[in-house]
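Take a look at the structure set out below.
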Amino acid sequence: MTEELIIAGFGGQGVLSMGKILAYSGVMAGQEVTWFPSYGPEMRGGTANVTVILSDKRISSPIINEFDTAIILNQQSMDKFEKMVKPGGTLLYDPNGITRNPERTDINLFKIDGTKIAADLGNVKIFNMVVLGAYLKAKPVVNIDSVEKGLQQSLPARHHKLIPLNLAAVQKGYELLESVTTL
Amino acid sequence: MGELKLMKGNEVIAEAAIRCGCDGYFGYPITPQSEVMETLMAREPWNETGMVVLQAESEVASINMVYGAAATGKKVMTSSSSPGISLMAEGISYIAGAELPCVIVNVQRGGPGLGTIQPSQADYFQSVKGGGHGDYHLIVLAPASVQEMNDFVDLGFQLAFKYRNPSMILADGAIGQMMEKVQLSDFKPRMTAEEIDAKYGSWATNGKKPNRERNIATSLEMDSAKMEANNKRFQEKYAKMQAEDVLYETIRCDDAEYILVAFGVSSRICQKAVDIAREKGMKVGLLRPITLFPFPKQIIGEMAKRVKGFMTVEMNAGQMIEDVQLSVGCAGCAVPVKYFGRMGGIIPTPSEVVQALEQKLIGG
């Protein structure tokens with residue numbers, strides 16, 4: 001198994017930390033992982049993205065130009081990354097972040113109303129965990145147990161009291177994933 | 001072994017330094033490697049192992065602090081990125097001239113000048129051919145993974161002390177900024193004053209003892225005959241590195257007709273390019289130099305006798321290609337050696353590499 005994933009959205013949406021928690025979950029599940037962020041002169045309100053690769057083999061290139069899966073959380077990222085999903089691959093998006101629906105017909109399309117679900121759960125900051133849960137329904141690359149361990153490893157101890165809320169968000173996202181097109 | 005962690009390359013450099021018994025780090029922040037000192041400051045190793053961490057007023061000050069501390073036989077290091085390493089060049093030459101061990105980490109960014117903060121490999125020449133003045137070489141290690149960022153700190157110190165010569169870990173912004181799974185090393189205690197004296201008392205300036213002359217750390221020698229003798233001794237040392245400490249990795253080279261040569265993050269991209277090329281029926285392998293000095297000339301010479309060509313893949317305008325050409329030429333071979341690369345902070349993609357391979361080497 002090798003999963004090459006891009007997570008892309010606005011800075012502040014928790015894109016990089018979602019990737020980190022997923023990557024740590026992969027470590028906990030015994031996988032090889034690479035987390036490669038867009039870094040540089042980024043600014044608040046600008047775009048942020050991270051490539052996460054999970055594999056049971058040694059990972060070659062951390063830099064890739066086509067992805068098994070794209071998680072897209074804003075329109076700029078849709079414009080940039082929709083075309084970079086491999087044929088037969090998967091695209092997951094939050095409809096609140098975009099102004100144009102994805103147009104590809106050769107990939108699996110899923111959506112998750114992460115913004116609303118997080119608000120309903122009472123904490124908009126767990127938006128990214130809702131999306132992570134939805135992703136894990138679409139692509140079960142790690143199980144929820146590993147995510148719990150990943151959260152324990154990646155969050156500082158003072159935030160461990162938030163783990164149940166984060167896991168609830170993952171669970172909600174998992175339950176509420178909507179399929180748009182399945183090949 | 002130590003714990004299994006998910007960490008950034010830069011953070012791992014800091015953790016590995018603490019764990020290998022490093023005595024001191026002196027540095028000055030610069031993107032994309034500022035996490036090295038940030039991590040050290042957050043870890044407060046002075047409470048744990050007694051390691052000193054000091055932010056100097058500049059790169060020039062940092063390297064001269066390294067010079068002074070290295071003279072006492074302590075395990076000391078610094079880190080910076082390309083423009084900062086240029087500022088350190090004078091001090092590095094002095095350290096090499098005074099024959100002192102230390103580790104210097106360069107997390108390269110695009111140049112020349114202030115350039116960009118994105119990853120690059122454009123400091124190859126600077127690292128392997130000199131950088132500072134005079135006939136000297138650094139031991140240059142090129143990590144290609146976060147795990148190797150961990151492993152090469154200890155290895156860098158071992159080689160530095162074996163040869164009494166500075167080692168450089170030549171990374172790049174990509175390896176520094178990305179996170180991967182890493183098996184941390186076990187803690188090694190820092191050496192005691194007695195241990196340093198027993199091992200390095202012949203040269204360390206750790207206080208004159210009654211039973212020996214005072215040790216002086218200097219690169220200055222006004223007598224030309226003695227200076228030439230010093231230079232000859234340095235050259236013997238570099239020849240010994242070439243004979244004993246070359247490191248490289250080969251991937252799918254056994255039946256390969258064409259060889260990609262790449263180091264650091266470029267070698268990771270090439271690993272994927274090899275897989276893509278093989279799927280297309282091209283017999284391609286990858287040679288990854290791990291030590292850039294000493295350079296793996298011998299294996300390239302041996303390969304040159306049986307393959308149809310080489311292509312280096314570098315994030316610069318073509319620097320390592322010169323060493324590959326020399327290695328092929330020295331083996332008396334004339335197979336083509338091509339180059340493909342991107343510059344200015346752009347990272348080539350695996351498919352670009354395959355395309356270049358088809359256009360420049362296999363098709364041509």
Pairs, first in contact (Cβ under 8 Å) with a residue 12 or more places away in the chain and within 14 Å of chain A (Cβ to nearest Cβ) in the range B:162-173, second hydrophobic (A, V, I, L, M, F, W, C) and surrounded by fewer than 24 Cβ atoms within 10 Å (Cβ to Cβ), C-beta under 7 Å, six or more apart: B:173/B:117
Which members of the range B:13-30 meet the condition of being assigned to a loop (DSSP other than H, G, I, E, B) and over 11 Å from residue B:150 (Cα atoms)? B:21, B:22, B:23, B:28, B:29, B:30
Among the residues of the range B:135-147, are any within 13 Å of chain A (Cβ to nearest Cβ) and part of a helix (DSSP H, G or I)? yes
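Take residue B:193 and tell me if it is more than 14 Å from every other protein chain (Cβ to nearest Cβ) and over 19 Å from residue B:292 (Cα atoms).
Values: more than 14 Å from every other protein chain (Cβ to nearest Cβ): yes; over 19 Å from residue B:292 (Cα atoms): yes.
In short, yes.
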Of all residues making up the range B:72-90, the number that are part of a helix (DSSP H, G or I) and surrounded by fewer than 23 Cβ atoms within 10 Å (Cβ to Cβ): 5
Looking at the range B:308-326, which of the residues that are surrounded by 22 or more Cβ atoms within 10 Å (Cβ to Cβ) and more than 20 Å from the chain's Cα centre (by Cα) is nearest to the other protein chains (Cβ to nearest Cβ)? B:311
Which condition number does residue B:346 fail, the rest of (1) within 14 Å of chain A (Cβ to nearest Cβ); (2) in contact with a strand residue (DSSP E or B) (Cβ under 8 Å, 6 or more places away or on another chain); (3) at pLDDT below 95 being met? (2)
Residues that are more than 30 Å from residue B:163 (Cα to Cα), at least 3 per element: which helices (runs of 4 or more DSSP H) completely within the range B:248-364 meet that? B:264-279, B:350-356
Please indicate, with yes or no, whether at least one residue in the range A:81-96 is more than 19 Å from residue A:7 (Cβ to Cβ) and without any contact (Cβ under 8 Å) to a residue 60 or more places away in the chain. yes
Would a scan of the range A:21-38 turn up a residue that is under 28 Å from residue A:124 (Cβ atoms) and away from every other protein chain (no Cβ under 12 Å)? no
Within the range A:39-71, restricting attention to residues that are within 25 Å of residue A:123 (Cβ to Cβ) and within 11 Å of chain B (Cβ to nearest Cβ), which residue is farthest from the chain's Cα centre (by Cα)? A:42
Criterion: within 27 Å of residue B:182 (Cα to Cα), at pLDDT 95 or above, touching a Pro at 6+ places or on another chain (Cβ under 9 Å) and part of a loop (DSSP other than H, G, I, E, B) - qualifying residue of B:122, B:160: B:122
Being surrounded by 22 or more Cβ atoms within 10 Å (Cβ to Cβ) and among the acidic types (Asp, Glu) narrows B:123, B:135 down to just B:123
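The values are calculated or read from the model by the stated rules, or taken from the named source; none is laboratory data. Values in this document were obtained by computation on a predicted structure and should not be read as measured data. Heads up, the Cβs are rebuilt from the backbone with ideal geometry, glycines too, and the neighbour counts pull from every protein chain shown.
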